[in-house]
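The values are calculated or read from the model by the stated rules, or taken from the named source; none is laboratory data. These numbers come from a predicted model, not from an experiment. Cβ placement follows ideal geometry from the backbone for every residue including glycine, while neighbour counts extend to all protein chains displayed. Remember, those area values only see protein heavy atoms, side chains included, never the ligands or the DNA or RNA. Shrake-Rupley method; radii C 1.70, N 1.55, O 1.52, S 1.80 Å.
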Amino acid sequence: NRFSGQIFPANSNWTKLRNLHLDNNHFSGTLPAWIGNMTYLEDIVMAKNHFEGPIPIELCKLVDLDFLDLSDNNLFGSVPSCFNSSSISYFQLNKNCLSGPIPSSFQNNSNLVTLNLQDNHLTGNIPNWIGSLSSLRILLLKANHLGGQIPIQVCLLQNLNILDLSYNKFSGLIPHCLSNITFDASTQDNSFGGLYSRETYSSSLSLYSTIIEALYYGIFMFDPSVNAEEEVQFATKSRTYTYKGYILEYMFGIDLSCNNLEGNIPPELGR
């Protein structure tokens, strides 16, 4: 819509609200600290607005928070280190003005599926604990000021679909062990993957509505690895496109361009 101004007053008594979607508007001002009192919140989507200021640490009180998208705003300061809730699966803060290092708050989070911090002003290295994010499928750190070597712990992310480290200051060699990550749809646990087979689509046009209904109710309602709201940008052949929803299950890629890497390209990557 075209809503503007600041969002709800502090006396809003919506303590049992579970989903708050305000994206694609013209809201401005700072993110209110009282959102931390809405303890039942599971989804917060405030992307593509004009919010500014720091991310309030009160958001860390939302222990049931699963999806947080504050991307494409004017937020600045550091990413709060208190986001240590193991319930967060989708964390998107891209396209802001955030600075400082990648916080250790995600360490050992076995539920984190997406970590999107691209297009900010983050500094420092990729921490070694990155390898502890056993469920991570999408890691986007593009266009920051990160440096140092790419740690071999990245190779422990066996479920990784998309890795984008481009437009940073990474140096040293490309780790040979990146070839241990298959970047292959066949390794993913997609219970409804059969619905996308050629046989399903070619068998009969009369199945079309049945397939669509199964995709919506079967996948988006029951598959915990899919979030219909998730939106990711990735560049292919110098063109950047946005992908959203279930198609992300079938997007695979690695981008290390525009860094200070040296040495040989590991031949293992070619296989």
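Table: residues versus (1) within 23 Å of Val232 (Cβ to Cβ); (2) acidic (Asp, Glu); (3) surrounded by fewer than 22 Cβ atoms within 10 Å (Cβ to Cβ).
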{"site": "Asn19", "(1), (2), (3)": "yes, no, yes"}
{"site": "His50", "(1), (2), (3)": "yes, no, yes"}
{"site": "Asp72", "(1), (2), (3)": "yes, yes, yes"}
{"site": "Ile88", "(1), (2), (3)": "yes, no, no"}
{"site": "Pro103", "(1), (2), (3)": "yes, no, yes"}
{"site": "Leu117", "(1), (2), (3)": "yes, no, no"}
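For the subset of the range 28-48 comprising residues that are out of contact with any Leu (no Cβ under 6 Å at 6 or more places or on another chain) and more than 23 Å from Ser99 (Cβ to Cβ), which member is least open to solvent (accessible area, probe 1.4 Å)? That would be Val45.
The numbered conditions (1) in contact with a Cys (Cβ under 9 Å, 6 or more places away or on another chain); (2) surrounded by 15 or more Cβ atoms within 10 Å (Cβ to Cβ); (3) closer than 23 Å to Gly124 by Cβ are all true for Gly77 except (2).
Can you tell me which residues in the range 246-271 are in contact with a helix residue (DSSP H, G or I) (Cβ under 8 Å, 6 or more places away or on another chain), under 30 Å from Ile44 (Cβ atoms), outside any strand (DSSP E or B) and not hydroxyl-bearing (Ser, Thr, Tyr)?
Scanning the range 246-271 gives Glu249, Phe252.
Where in the range 128-174 are there strands (runs of 3 or more DSSP E), lying wholly inside it, with at least 3 residues that are open to solvent by less than 10 Å² (accessible area, probe 1.4 Å)?
In the range 128-174, 138-140, 162-164 are the strands (runs of 3 or more DSSP E) which contain 3 or more residues that are open to solvent by less than 10 Å² (accessible area, probe 1.4 Å).
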